[in-house]
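Structure record follows, encoded as structure tokens.
Each value in this text was obtained by applying a stated rule to the coordinates, not by laboratory testing. Fair warning: this is a prediction, and the values are worked out from it, not measured in the lab. Neighbour counts run over all protein chains shown; Cβ positions are idealised from the backbone, glycine included.
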Amino acid sequence: MSETKAPSAEQLRDWDRQYHWHPFTQMQEYEPLVIQSAEGCRLIDVDGREFIDGVSSLWCNVHGHRHPKLNAAIREQLDKVAHVTSLGLSNPVVIELAKRLVEITPDGLDYAFFSDSGASAVEVAVKMALQYWQQCENPKPKKKRYISFGQAYHGDTIGMVSLGGVPRFHEIYGPLLFEPIRLPSPATYPLPEGVTKEQLTQHYLGQLEKVLEEHHEEIAALIIEPLVQGAAGMVMQPDGYLSGVRELTKRYDVLMIADEVAVGMGRTGRMFACENEDVHPDLMCIAKGLTGGYLPVSATMASCEIYDAFLGSHGESRTFFHGHTYAGNPLGCAVALASLDLFEEEKTLENLQPKISRLSEHLEQIAGHPHVGDIRQRGFMVGIELVASKSGEDAGGHTPYPWELGIGNQVCRKILEHGVWLRPLGNVIVIMPPLAISMEELDCICKAARDAIHEVTSEIEDSARVDA
Ligand SMILES: *Cc1c(COP(=O)(O)O)cnc(C)c1O
């Protein structure tokens, strides 16, 4: 027998720096935090320290970690088969999951196409839209372009970076990208110049209609993160905007792709964000929370009309030529099914409502802080935007903290000392706990955020005073 000794915590941290290149991470400044296990909504590191998971392991955990029923579902499936390709074969759990998704997604979404990440689910929708217009009953082959939004985030593949609109993530890859028609982010903060809050929805819909009027003949699809642009910093859309987009895209014969990767699976308080405005998109992408945050499974839901355009004999080559090796992986599908069962058994969405209200109460208290420029909440998605001063020159009438200061990172490092793990988006502190979090844990997260914001912003003010 080989003598293997488990590496020490210190050794793991060293190796993490030495061998492991982390995504979206400045490795020169990276400080390893190595999680060994988890219990419910708590993460436990290699030194035995506990942290409340305040961002659902990057927006995907739903029912907590190591839920006995989710664990059992994977174990049970493991004893049958771990992987069956979906290219020409099928498996009971992937079939059941497809049926369940058709049942729970908005009416008009009749087929599920599986992939293994959010980015691929949206890529699939984008490719389907283009091919649809070539092959549908009354083809419109000129429809080859897309409408996307400033601040949009749809993943990190080349296609998704093309559609994305977060300059800091996307600008450098310019030479590799195709050009969408890009509309300004339909944000409620800051208000565009000369536009009141009441006029906001009509203002943004007017911009869209103008583009559609001019270009609809060349536009295959519009792609939108319904209600909230997550990675942009929890940027929220005004009420009525999403349903207005649906109306306009219908009127101008443009497909609507709803990227529900972040907002879906209960995040906004409803199972899917589109339900909040009774919107029925042509294509809908689901990922992050689909497996309860356990395994990489994503789905692109498509309308019957789109599906039908791909039917024909082998020789006609109308097939959707796309597929990922691990598409419809049975372990993933089994845990996704178990997660959907839990939504019913544990009344996850009903139980979420009082937690959403509690979160709002906490946020009201934080909002008064002199360095909190804006607080945005939609269900269990929260962004707290920190500003250097609440007077100033930016569009919100504030002075932002300089990016180089890394205020978000500083605050989140401090929050860690209070036993809570959060990950910011620039100057925005994100709170996005598992839906199953307890009231007590929720209180802890909000209190830690409030205290840390106060501590860090005061320290910065003090040191500025010393410098001056
Ligand atoms: C996270 C995210 C994606 C990408 O999902 P991955 O699984 O990381 O590829 C796409 N769209 C939105 C809205 C997201 O938040």
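For the chain, what's the relative contact order in percent, using C-alpha pairs closer than 8 Å and at least 6 residues apart?
So the answer I get is 21 percent.
How high is the relative contact order of segment 70-345, in percent, with contacts defined as C-alpha pairs under 8 Å that are six or more residues apart?
Details: 518 pairs, mean separation 83.4, N = 276.
About 30 percent, as a whole number.
Between segment 62-105 and segment 208-241, how many Å separate their Cα centres?
Each part's Cα centre sits 33 Å from the other's.
Grab the other residues whose beta carbon is less than 10 angstrom from that of residue 234, score K and R as +1, D and E as -1, and report the net. Walk me through the intermediate numbers first.
Values: positive: 376, 378; negative: 374, 385.
Residues near residue 234 contribute 0 overall.
For each of 325, 85, count neighbouring Cβ atoms within 10 Å of the residue's Cβ, then give the residues from fewest to most.
Working: 325 10, 85 15.
So the ranking, lowest neighbour count to highest, is 325, 85.
Starting from segment 313-380, pick out the chymotrypsin sites (Phe, Trp or Tyr not before Pro) whose DSSP state is loop and whose Cβ has at most 10 other Cβ atoms within 10 Å.
Those that pass, being in a loop and sparsely packed, are 321.
Which net charge results for the neighbourhood of residue 135, defined as the other residues with beta-carbon distances under 15 angstrom from its beta-carbon, given Lys and Arg at +1 and Asp and Glu at -1?
Numbers: positive: 127, 140, 142, 143, 144, 318; negative: 137, 282, 305, 308, 316.
Computed value for this residue: +1.
Between residue 389 and residue 465, what FRET efficiency comes out of the Förster formula 1/(1 + (r/R0)^6) with R0 = 22 Å and r the beta carbon distance, rounded to 0.05? Show your work: numbers first, answer last.
Values: r = 14 Å, r/R0 = 0.64.
Computed FRET efficiency for residue 465 and residue 389 comes out at 0.95.
Within the set of other residues whose C-beta is less than 15 Å from the C-beta of residue 18, count the net charge using Lys and Arg as +1 and Asp and Glu as -1. The partial results should precede the final answer.
Numbers: positive: 13, 17; negative: 10, 14, 16, 31.
My count for the surroundings of residue 18 gives -2.
Using r as the Cβ-Cβ distance of residue 95 and residue 304, and R0 as 22 Å, what FRET efficiency do you calculate, to the nearest 0.05? Each step should come with its number before you reach the end.
Details: r = 18 Å, r/R0 = 0.82.
Calculated value: 0.75.
If each residue of separation counts as 0.36 nm, what is the full-extension length gain between residue 253 and residue 217 once their alpha-carbon separation is subtracted? Working shown, then result.
Details: separation 36, 0.36 × 36 = 12.96 nm, distance 0.84 nm.
Length gained between residue 253 and residue 217: 12.1 nm.
Under the rule a/c < 1.5 gives rounded, and otherwise a/b versus b/c splits prolate from oblate, where does the chain land using the Cα gyration tensor? Intermediate values should be presented prior to the final figure.
On the way: a/c = 1.73, a/b = 1.16, b/c = 1.49.
It comes out oblate by the Cα gyration axes.
Taking every DSSP beta bridge with both residues inside the chain, roughly what % is antiparallel (nearest 5)? Working shown, then result.
On the way: 32 of 47 bridges.
Just about 70 percent of them are antiparallel.
What's the magnitude of the charge dipole for the chain around its Cα centre, counting Lys and Arg as +1 and Asp and Glu as -1 at the beta-carbon? Answer in Debye, nearest 20. Before the final figure, lay out each step's value.
Working: 40 positive and 65 negative charges, 126 e Å.
Approximately 600 debye in magnitude.
Let me have the relative contact order for segment 286-442, percent, based on Cα pairs under 8 Å that are six or more residues apart.
Values: 174 pairs, mean separation 23.8, N = 157.
Relative contact order of segment 286-442: 15 percent.
Please report 45, 341, 282, 462 as a ranked list, fewest other C-beta atoms within 10 angstrom at the top and most at the bottom. Write down the numbers at each step before the final one.
Working: 45 18, 341 14, 282 25, 462 10.
Least crowded to most crowded, the residues run 462, 341, 45, 282.
Stretch residue 314-residue 24 to full length: gain in nm at 0.36 nm per residue minus the Cα-Cα span? Mind showing how you got there, number by number?
Values: separation 290, 0.36 × 290 = 104.40 nm, distance 4.25 nm.
Going from the current span to full extension adds 100.1 nm.
Can you put 399, 249 in order, fewest other beta carbons within 10 Å first?
Numbers: 399 15, 249 23.
Arranged by neighbour count, lowest to highest, 399, 249 become 399, 249.
With labels modelled as points extended 7 Å from the Cα through the Cβ direction, what inter-label distance (nm, one decimal) is found for residue 455 paired with residue 9?
Going from the residue 455 label point to the residue 9 one covers 1.8 nm.
Compute the distance from the alpha-carbon center of segment 247-300 to that of segment 110-137, in whole Å.
Segment 247-300 and segment 110-137 have Cα centres separated by 13 Å.
Order of 236-246, 290-300 by packing, highest average Cβ count within 10 Å first? Present the calculation step by step, with values, prior to reporting the outcome.
On the way: 236-246: 20.6, 290-300: 26.0.
Going from most to least packed, we get 290-300, 236-246.
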